[in-house]
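All remarks here apply to the structure that follows.
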Amino acid sequence: MDLLRQLTGKLERHYPGTLVSVILYGSAAAEDYDGKYSDLNILCVLKEIGVAELAEAEIVFRWWREQGNPWPLLMTEREVTKSADAFAVEFRDMKERRRVLYGVDVVEGIEVDGVYYRAEVEHELRAKLLRLRQRAAAILSREAELLDLCLDSVATFCVLGRHVLLLSGRQAHWRKREVVRDLAAAGIIQPAPFDTLLDIREGAITPETVEPSKLFPEYLAQVRAMVDFVDNWKS
């Protein structure tokens with residue numbers, strides 16, 4: 001992908017002798033990338049990070065954000081080895097699927113503790129559920145915006161749903177459709193609202209065929225079902 005080559009080139013130019021690794025992770029590394037909705041998630045590792053390095057990062061990262069992507073994770077080598085407990089979900093994803101765009105594979109030797117992993121899965125689900133409610137409360141009567149909110153959030157809940165499956169010891173695929181199918185097969189959710197949102201994202205149906213005021217409470221209920229499952233899960 002040309003955008004990734006541009007990013008790597010810019011980082012090499014701005015960090016000569018300091019850049020250790022650039023790693024792509026998430027849906028793009030798992031071949032489930034949707035240019036309209038998906039993000040290009042990047043881990044950028046430097047030998048050290050001070051004010052000078054941050055000044056250089058501002059130039060590159062601002063350009064990266066202007067392309068519609070999230071801020072890269074910027075870490076030192078030592079921070080990577082010490083951060084698996086704080087970013088257990090992210091490192092679990094990186095461990096399973098990643099592309100090294102530059103330098104060494106700093107993720108290969110990382111171990112993710114199951115206790116921290118469970119705690120972060122629940123934390124992320126609860127935080128995203130609260131955020132969904134907060135945003136919906138401000139636009140509940142504006143149906144087009146409410147539908148956009150659901151469309152923007154469904155990929156995140158599919159990613160977290162994959163971790164719900166992994167946490168429970170089940171096999172978990174990467175593609176969103178397969179995650180929804182597996183969650184339904186495990187009896188964790190009812191798939192209909194997720195399937196509808198993915199249909200819209202993929203162009204199988206048009207937004208005009210959906211009633212957001214009816215879809216949203218169904219969607220919200222299934223997100224809560226995932227939260228409840230993790231809350232009650234005993235390993």
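The values are calculated or read from the model by the stated rules, or taken from the named source; none is laboratory data. Keep in mind it's a predicted model, so treat the numbers as computed, not measured. Here the Cβ positions follow ideal geometry from the backbone for every residue, glycine too, while neighbour counts run over all protein chains shown.
Being farther than 22 Å from ARG175 by Cβ and outside any helix (DSSP H, G or I) is the filter here; which residues of the range 79-106 pass it? Selection gives SER83, ALA84, ASP85, ALA86, PHE87, VAL100, LEU101, TYR102, GLY103, VAL104, ASP105, VAL106.
For the range 138-179, a residue qualifies if it is without any contact (Cβ under 8 Å) to a residue 12 or more places away in the chain and closer than 16 Å to ASP93 by Cβ, and the qualifying residues are GLN171, ALA172, HIS173, GLU178.
Cβ-Cβ contacts under 9 Å between residues 6 or more apart (or on different chains), taken from a first residue in the range 184-207 that is over 16 Å from PHE157 (Cβ atoms) to a second residue that is acidic (Asp, Glu), are listed as GLU202/ASP34; ILE205/ASP199; PRO207/ASP148.
The single condition from (1) farther than 18 Å from TYR219 by Cα; (2) outside any helix (DSSP H, G or I) that ILE189 fails is (1). Scanning the range 107-126 for residues that are under 14 Å from the mean Cα position of the chain (by Cα), buried (at least 17 other Cβ atoms within 10 Å of the Cβ) and assigned by TED's automatic domain parsing to the domain that holds LYS10 turns up nothing.
Tell me, yes or no, whether the range 48-59 has at least one residue that is touching a Cys at 6+ places or on another chain (Cβ under 9 Å) and at pLDDT below 95. Looking through the range 48-59, at least one residue is touching a Cys at 6+ places or on another chain (Cβ under 9 Å) and at pLDDT below 95.
Under the condition of being part of a helix (DSSP H, G or I) and more than 14 Å from ARG224 (Cα to Cα), the residues counted in the range 170-183 number 7.
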